[in-house]
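The structure appears below as structure tokens.
The values are calculated or read from the model by the stated rules, or taken from the named source; none is laboratory data. What you see is a predicted model; the values in this text were computed from it and never measured. Glycine gets a Cβ as well: all are built from the backbone with ideal geometry, and neighbour counts include every protein chain shown. We work out accessible area using only protein heavy atoms, side chains counted, and drop any ligands, DNA or RNA first. Shrake-Rupley method; radii C 1.70, N 1.55, O 1.52, S 1.80 Å.
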Amino acid sequence: MPLVEVNGNACTGCGVCVETCPTDVLRLDADQKAFMAYPADCQGCFVCQWDCAYGAVRVHINDPASTSDSP
Amino acid sequence: MAVRLETDVLVIGGGIAGAFAAYRAREAGARVLLVDRSYFGRSGCSALASGVYPAYMPGDDKDAWMRAFGGPLVNQPLVAKSLPVMHEHVLLMDRWGVNWVKEGRKIVRMGAPGRSFANGVWMAEGGPQMMMAVRAGVVGSGVEVLNRVALTELLTSDGQLPTSGRVVGACGFHTRTGEIHEITAKATVVCTGPYKFPYPWPGSTLGYMPIDLSGDGIAMMMRAGAELSRLELGGINLNPDNALSAPGLESLMPSGAKWVDKDGRRFLEDYDPKRMEMTQRALLYFAIAHQKEKGQVPSMDLREVSPERMQLIRRVIPIVVNNQEAMVGDLTEKPVPYTFQVAGTSGIFGAGARVTERGETTVPGLYAAGTCTDMTYLPGGNLPFCSVTGDWTGRAVGAAVGSAERPQPPAEQVERVTAEILEPLQRRDGGEFEPVHRRLGELLMEKVGLVLHADRLDAALGELRDIREHEVSRLTAQNPHELAKVWGLAQYVQVLEATLRAYRHRTESRVAFIREDYPIIDNVNWIKMVVVKQENGALRLWDEPMPESWHDPHPVRPTQNLHLVFRNQEADRAAR
Ligand SMILES: Cc1cc2nc3c(=O)[nH]c(=O)nc-3n(C[C@H](O)[C@H](O)[C@H](O)COP(=O)(O)OP(=O)(O)OC[C@H]3O[C@@H](n4cnc5c(N)ncnc54)[C@H](O)[C@@H]3O)c2cc1C
Ligand code: SF4
Ligand code: SF4
């Protein structure tokens, strides 16, 4: 399972990644920081990482915390 | 409160086919609304494409194109007609800001597997940059865009599905707010892309990104009474093991990538020793699947790719490279294991509504383009054939809607459809998405699989009907995001049923279409269209011959051979 890591210090809450994520995984939390609201639907396409103008996003394709056969 | 919108042309889906359809219809003076369930420019296959737009350029040998993109089921005169349009599209996209790989100011092209000449225009920043530039061009032309609205049902003048009248728009919901959207239009153009098993899990043989394409448009068109074809021709695909990214073959193969097994042996020796890595795609798919089933760990070996080429590849297919590196680390040191994808997808070949070259389906008011159609039997869903069919459809629709009326759907139909759309949100005692999704995936992998057989297909169809009637129809959704997934699964099972029936209907094998009970590759009987239509609540299938003119100038060689997989089995038996 891919994992998207958002650096809370760098995220300005601009909302671009929330707008463009193809599978609509991301939302802004109460502090206006992006987070994975629907982590199971992340396809690891890196769009959020490229679209963030502030370098706040990093995509990890293999989240070590998830087991490989989980859907 | 429902959102009610009116337009001349409703385009459903903003991949490259939808983008060109919308652009050309707008250019003809129509009001155009493009609706996407995701974000136009970031959605569908087009935005995730692996960096290569194969395009004809003036001066090319047309005959070489016909040979490279030909095949028993291809409409050759239409391929010839599409060639200059591709070139026009490359130049138009250049003006829109697509960053093509150039030498100085000249667009350069590279070779590709299965083709004897350089034909691929490479995207210097991959598919994501291409589609954002296309988006800018299309939006700049005055096309209106609505994102995050999943349309789930077509509306008709008589309120019936299938209709004896015409399609007059579509209905769906916002995937964040759940708001119902009712859109009426003089013409509706479905461009919802290929159909795949939705939300495949990494490491399975269920496919790759985009993970949210579930055949919505194909299912909607089927319910409206449109004839479908080419459903049985999807079959195997490839992707890196344990990742959801595409195979990247178009750019990796001509760059010197090799296919090796677990002992480092180049196993294509056994399949196509002459062309090796540049063999045709279908044979490559088959070879990888075959090796994988034998436990040989087929892997892509990039160790001999030059550093300069590797640098370019990183820019052209960033998604593929990023995913591969996440799996194995440095690609110049270690091969990347690949897996295949089983049946139950139209892959990138195109399957769905039967269309004319003007994009007309068999239902009035309903048009379609790109990979949710049979692509009028163009060679398949490469980006150029999608943009070309979108272009032709957009022009035809633009000309047709000028003075046309905009009939309204009966209020009862809108009411009924609205209630159906929202039902999973209101159901209290239904099932959850994941167990049903899991059961369906397992059905595909275990009961349908790679090598097909009538008995197994019948068993799978029986179980599929059970899943559809007792589980999918009772799914619940906690919020609009989940509602989109539930609806995707519901659309998918309908298209899957039609596809399994079409698999069952064929009685020949082909390279990547393997029937254990019909092991003969039979080019003569293969040449036909299998047409599927929903009638009186059931599916009707029939064959139609392909017009002879489609095989001009290159007639098909009649051959009858045992399929390679069964020849290999016989050889294995003899060796034992
Ligand atoms: C990962 C990948 C890499 C590829 N690489 C290449 C390549 O390098 N070169 C090449 O020539 N071909 C490539 N292909 C094939 C090619 O990209 C596709 O065949 C082509 O992009 C399909 O275009 P399309 O417009 O038909 O569909 P898509 O681009 O898939 O667009 C369909 C659109 O419809 C929308 N949609 C779906 N359902 C609904 C609904 N219910 N309501 C509203 N909107 C909806 C989707 O969100 C999407 O935006 C690749 C395919 C994949 C999957
Ligand atoms: S794009 Fe970057 S800055 Fe903007 S919300 Fe997303 S993470 Fe934050
Ligand atoms: S990697 Fe892709 S799917 Fe995952 S959150 Fe980022 S944009 Fe969305």
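Within the stretch B:529-544, how many residues turn out to be among the aliphatic types (A, V, I, L, M) and free of Cβ contacts under 8 Å to residues at least 12 places away in the same chain? I'd like the intermediate steps shown before the answer.
Within the stretch B:529-544, the first condition is being among the aliphatic types (A, V, I, L, M), and the residues that meet it are B:529-532, B:538-539, B:541.
Narrowing the set further to residues that are free of Cβ contacts under 8 Å to residues at least 12 places away in the same chain leaves B:538.
Number of matching residues: 1.
Every residue in the stretch B:176-197 that is within 16 Å of ligand 3 (Cβ to nearest atom) and surrounded by fewer than 24 Cβ atoms within 10 Å (Cβ to Cβ), please.
Step one: filter the stretch B:176-197 for residues within 16 Å of ligand 3 (Cβ to nearest atom), giving B:176, B:196.
Scanning the stretch B:176-197 gives a single hit, B:ARG176.
Within the stretch A:4-27, can you find the residues that are open to solvent by 60 Å² or more (accessible area, probe 1.4 Å) and either within 12 Å of chain B (Cβ to nearest Cβ) or not in a loop (DSSP other than H, G, I, E, B) (or both)? Write out each step before concluding.
Step one: filter the stretch A:4-27 for residues open to solvent by 60 Å² or more (accessible area, probe 1.4 Å), giving A:5, A:7, A:9, A:12, A:14, A:19.
Passing the criteria: A:GLU5, A:GLU19.
Mind checking which residues of the stretch B:292-326 are buried (at least 16 other Cβ atoms within 10 Å of the Cβ), farther than 17 Å from B:ALA257 by Cα and more than 25 Å from the chain's Cα centre (by Cα)?
B:GLN296, B:ALA326
Consider B:ILE236 against the criteria (1) on the phi < 0 side of the Ramachandran plot; (2) open to solvent by 20 Å² or more (accessible area, probe 1.4 Å); (3) not acidic (Asp, Glu): it satisfies all of them except one. Which criterion is unmet?
(2)
With respect to B:ASP543, is the statement that it is charged (D, E, K, R) and part of a loop (DSSP other than H, G, I, E, B) true?
No: the conditions fail for B:ASP543.
Taking B:VAL342, is it touching a Leu at 6+ places or on another chain (Cβ under 8 Å), under 18 Å from B:ILE211 (Cα atoms) and hydrophobic (A, V, I, L, M, F, W, C)?
Numbers: touching a Leu at 6+ places or on another chain (Cβ under 8 Å): yes; under 18 Å from B:ILE211 (Cα atoms): yes; hydrophobic (A, V, I, L, M, F, W, C): yes.
The answer is yes for B:VAL342.
Can you say whether B:ARG456 is out of contact with any strand residue (DSSP E or B) (no Cβ under 7 Å at 6 or more places or on another chain), farther than 22 Å from B:ALA343 by Cβ and more than 14 Å from every other protein chain (Cβ to nearest Cβ), as far as the supplied structure shows? Full working, then the answer.
Working: out of contact with any strand residue (DSSP E or B) (no Cβ under 7 Å at 6 or more places or on another chain): yes; farther than 22 Å from B:ALA343 by Cβ: no; more than 14 Å from every other protein chain (Cβ to nearest Cβ): yes.
For B:ARG456, the condition - out of contact with any strand residue (DSSP E or B) (no Cβ under 7 Å at 6 or more places or on another chain), farther than 22 Å from B:ALA343 by Cβ and more than 14 Å from every other protein chain (Cβ to nearest Cβ) - is not met.
Scan the stretch B:120-162 for residues that are crowded, with 24+ Cβ neighbours inside 10 Å and part of a loop (DSSP other than H, G, I, E, B) and jot them down.
Listed by number, the list holds a single entry, B:VAL143.
Which of the residues spanning the stretch B:496-519 are touching an Asp or Glu at 6+ places or on another chain (Cβ under 6 Å) and either among the basic types (Lys, Arg) or surrounded by fewer than 20 Cβ atoms within 10 Å (Cβ to Cβ) (or both)?
Let us first name the residues in the stretch B:496-519 that are touching an Asp or Glu at 6+ places or on another chain (Cβ under 6 Å), namely B:502-503, B:506, B:508, B:518.
Those that are touching an Asp or Glu at 6+ places or on another chain (Cβ under 6 Å) and either among the basic types (Lys, Arg) or surrounded by fewer than 20 Cβ atoms within 10 Å (Cβ to Cβ) (or both): B:ARG506, B:GLU508, B:TYR518.
Within the stretch A:1-16, which residues are at pLDDT 95 or above and not aliphatic (A, V, I, L, M)? Spell out how you get there, then give the answer.
Here is the first cut: in the stretch A:1-16, the ones at pLDDT 95 or above are A:4-16.
Those that are at pLDDT 95 or above and not aliphatic (A, V, I, L, M): A:GLU5, A:ASN7, A:GLY8, A:ASN9, A:CYS11, A:THR12, A:GLY13, A:CYS14, A:GLY15.
From (1) under 28 Å from B:MET221 (Cα atoms); (2) open to solvent by less than 20 Å² (accessible area, probe 1.4 Å); (3) more than 16 Å from ligand 1 (Cβ to nearest atom), pick out the condition that doesn't hold for B:ASP522.
(1)
Give me the pairs, please: first residue somewhere in the stretch A:29-50 and away from ligand 2 (no atom under 15 Å from the Cβ), second residue anywhere and aromatic (Phe, Trp, Tyr), beta-carbon distance under 9 Å, and either six or more positions apart or on two chains.
A:ALA40/B:TYR199; A:ASP41/B:TYR199; A:GLN43/B:TYR199; A:GLN43/B:TYR208
Can you name every residue in the stretch B:521-566 that is among the aromatic types (Phe, Trp, Tyr) and within 25 Å of the chain's Cα centre (by Cα)?
Pass one, the stretch B:521-566, residues among the aromatic types (Phe, Trp, Tyr): B:526, B:542, B:550, B:566.
Across the stretch B:521-566, the qualifying residues are B:TRP526, B:TRP542, B:TRP550.
Quick check on the stretch B:200-215. Is at least one of its residues open to solvent by less than 10 Å² (accessible area, probe 1.4 Å) and in a helix (DSSP H, G or I)?
Looking for residues that are open to solvent by less than 10 Å² (accessible area, probe 1.4 Å) and in a helix (DSSP H, G or I), one finds none in the stretch B:200-215, hence no.
Which of the following residues is in contact with a strand residue (DSSP E or B) (Cβ under 8 Å, 6 or more places away or on another chain), under 24 Å from B:MET220 (Cα atoms) and among the basic types (Lys, Arg): B:ARG501, B:ARG515, B:ARG510? Give the steps one after another, and end with the answer.
Values: B:ARG515 fails: under 24 Å from B:MET220 (Cα atoms); B:ARG510 fails: under 24 Å from B:MET220 (Cα atoms).
Selected residue: B:ARG501, the only one of B:ARG501, B:ARG515, B:ARG510 that is in contact with a strand residue (DSSP E or B) (Cβ under 8 Å, 6 or more places away or on another chain), under 24 Å from B:MET220 (Cα atoms) and among the basic types (Lys, Arg).
Restricting the search to the stretch A:34-51, which residues are more than 13 Å from every other protein chain (Cβ to nearest Cβ) and open to solvent by less than 60 Å² (accessible area, probe 1.4 Å)? Before the answer, list the steps.
Within the stretch A:34-51, the subset more than 13 Å from every other protein chain (Cβ to nearest Cβ) is A:34-35.
Of everything in the stretch A:34-51, just one residue is more than 13 Å from every other protein chain (Cβ to nearest Cβ) and open to solvent by less than 60 Å² (accessible area, probe 1.4 Å), namely A:ALA34.
Considering every residue within the stretch B:333-340, establish whether at least one is open to solvent by 20 Å² or more (accessible area, probe 1.4 Å) and under 22 Å from the mean Cα position of the chain (by Cα). Please lay out each step first, then the result.
Residues of the stretch B:333-340 that are open to solvent by 20 Å² or more (accessible area, probe 1.4 Å), as a first pass: B:333-335, B:337.
Still in the list and also under 22 Å from the mean Cα position of the chain (by Cα): none.
No - not one qualifying residue is present in the stretch B:333-340.
Residues are listed down the side, and each one gets a yes or a no for (1) within 14 Å of chain A (Cβ to nearest Cβ); (2) in contact with a Pro (Cβ under 7 Å, 6 or more places away or on another chain):
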position: B:ALA187; (1), (2): no, no
position: B:PRO202; (1), (2): yes, no
position: B:GLY207; (1), (2): yes, yes
position: B:ILE211; (1), (2): yes, yes
position: B:GLY215; (1), (2): no, no
position: B:LEU228; (1), (2): no, no
position: B:LEU231; (1), (2): no, no
position: B:ASN237; (1), (2): no, no
position: B:SER245; (1), (2): yes, no
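Could you figure out which of (1) in contact (Cβ under 8 Å) with a residue 24 or more places away in the chain; (2) within 9 Å of ligand 3 (Cβ to nearest atom) isn't true of A:LEU26?
(1)
Can you name the residue in the stretch B:486-520 that is under 23 Å from B:VAL565 (Cβ atoms) and among the hydrophobic types (A, V, I, L, M, F, W, C) and is also modelled with the lowest pLDDT among such residues?
Here the answer is B:VAL511.
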